[in-house]
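See below for the structure under consideration.
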Amino acid sequence: QLGREATEVLIRRKHRRIFCVVHGNSDSENLFVEGFQKSLAQYHLPFAAIQICRYDAAGITTKMLFENTAALCYDIDLASKMYQEAFRKNRKIPKYLSLLSLGEGNASGFLPKLASIPLPFAELAQQACQRVIQRIEDSSAVLPPWQAPAFRLETGGSLELPSNERGQKLVVVGTINMDTTLALGRFPRIG
């Protein structure tokens, strides 16, 4: 669910070329990727396997950083690594690439506060405790269904509209000719 909602944050900000970064193939990461894919499908955005990056020692390819406008990271640690790689490849965040991750806290080092979606551990723990207490007090009671925790976006300095959606646009229909005209006191001569 968080993978889906995080992807929708980026889509609502008009990003159409998004890639997802995870560490490996754990069950929770695969569910996160599944949410990412479902959100793209819901908004009729194309999906290709190359949009899923399993981060390793090789890092992220320059092609991924330059062909996309947003990256969705599984956690703050990955977002921090993405920020540093983008910086090394002169891909400024958020000017050219928006960055969003799951988790709380600041990225390591001297990076700015990155946009994130905190994991709702406290809300889930509260529901679990209430269910256990209810079961202890009345073992025959029908337990209510789990309630999805409230979705919360912690904004930071890593989210922006794609560059093609900011500011005014210039459209040329047909041809364009630009000349440079100089006014001189006398006609130029050879030499």
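Run the simple label-point estimate for residue 23 and residue 131 please: 7 Å along Cα→C-beta, distance reported in nm.
Modelled inter-label distance: 2.5 nm.
Give me the percent of the accessible area of the chain that comes from carbon and sulfur atoms, probe 1.4 Å, all protein chains in place.
Numbers: 6960 of 12450 Å².
Solvent-exposed carbon and sulfur of the chain make up 56 percent of the total.
R0 = 30 Å: FRET efficiency of residue 31 with residue 171, Cβ-based, nearest 0.05? Walk me through the numbers on the way to the answer.
Numbers: r = 43 Å, r/R0 = 1.42.
Once the sixth-power term is evaluated, E becomes 0.10.
Who wins for biggest fluctuation among 44, 23, 15 in a Gaussian network model of the chain, springs between alpha carbons below 10 Å?
44
Could you size up the charge dipole of the chain around its Cα centre, putting +1 on the beta carbon of Lys and Arg and -1 on that of Asp and Glu, and report it in debye to the nearest 20?
Values: 23 positive and 18 negative charges, 260 e Å.
The calculation lands at about 1260 debye.
Restricting to Cα atoms and excluding each atom paired with itself, what does the Kirkwood estimate give for the chain in Å? Mind showing how you got there, number by number?
On the way: mean 1/r = 0.0511 Å⁻¹.
One decimal place: 19.6 Å for the Kirkwood radius.
So how much accessible area does residue 165 have, in Å² to the nearest 10, using a 1.4 Å probe?
That residue has around 70 Å² of solvent-accessible surface.
What is the distance, in nm, between label points placed 7 Å from the Cα along the Cα-to-Cβ direction at residue 190 and at residue 1?
8.3 nm
Output the antiparallel fraction of DSSP beta bridges having both residues in the chain, as a percent to the nearest 5. Kindly include the intermediate steps, with their values, before the conclusion.
On the way: 1 of 15 bridges.
Antiparallel: roughly 5 percent of the beta bridges in the chain.
If you fit an axis through the alpha-carbon atoms of helix 76-88 and take the longest principal axis of the Cα set of the chain, what angle between them do you get, 0 to 90°, nearest 10?
On a 0 to 90 degree scale, this one is about 10.
In a Gaussian network model over the chain where Cα atoms closer than 10 Å are linked, find which of 157, 24, 167 has the largest mean-square fluctuation.
Greatest mean-square fluctuation among the candidates belongs to 167.
Full extension from residue 50 to residue 152: what is 0.36 nm times the residue separation minus their Cα-Cα distance, to one decimal in nm?
Working: separation 102, 0.36 × 102 = 36.72 nm, distance 2.84 nm.
Between residue 50 and residue 152, full extension yields an extra 33.9 nm.
Projected onto the charge dipole of the chain (+1 at Lys/Arg Cβ, -1 at Asp/Glu Cβ, origin at the Cα centre), which of 80, 130, 178 gives the Cα projection farthest towards the positive end?
178
On C-alpha positions alone, give me the angle between the axis of helix 27-42 and the longest principal axis of the chain, in degrees, nearest 10.
Once rounded, one gets 60 degrees.
With a probe of 1.4 Å, find how much accessible area the chain has per residue, and write the answer as a whole number in Å². Before the final figure, lay out the partial values.
On the way: 12450 Å² over 191 residues.
On a per-residue basis, the chain sits at 65 Å².
With all protein chains present, calculate the accessible area of residue 20 using a 1.4 Å probe and round the result to the nearest 10 Å².
Looks like 0 Å² after rounding.
Using only the alpha-carbon atoms, how far is helix 121-137 inclined from the longest principal axis of the chain? Give it as 0 to 90 degrees, nearest 10.
That helix lies at roughly 10 degrees to the long axis.
Residue separation times 0.36 nm, minus the C-alpha to C-alpha distance between residue 88 and residue 161: what's the value? Before the final figure, lay out the partial values.
Values: separation 73, 0.36 × 73 = 26.28 nm, distance 2.18 nm.
Residue separation times 0.36 nm, minus the Cα-Cα distance, leaves 24.1 nm.
Between rounded, prolate and oblate, where does segment 108-187 land on the alpha carbon gyration tensor, with a ≥ b ≥ c its root eigenvalues, rounded for a/c under 1.5, else prolate if a/b exceeds b/c? Mind dumping the intermediate values first?
Working: a/c = 10.71, a/b = 3.65, b/c = 2.94.
It is prolate, given that a/c is not under 1.5 and a/b is the larger ratio.
The values are calculated or read from the model by the stated rules, or taken from the named source; none is laboratory data. Note that the structure is a prediction, hence the values are computed from the model and not measured. Counting neighbours? That spans all protein chains shown, and the Cβs are built from the backbone with ideal geometry, glycine included. To get the accessible areas, we keep the full protein, side chains included, count just its heavy atoms, and leave off ligands, DNA and RNA. Shrake-Rupley method; radii C 1.70, N 1.55, O 1.52, S 1.80 Å.
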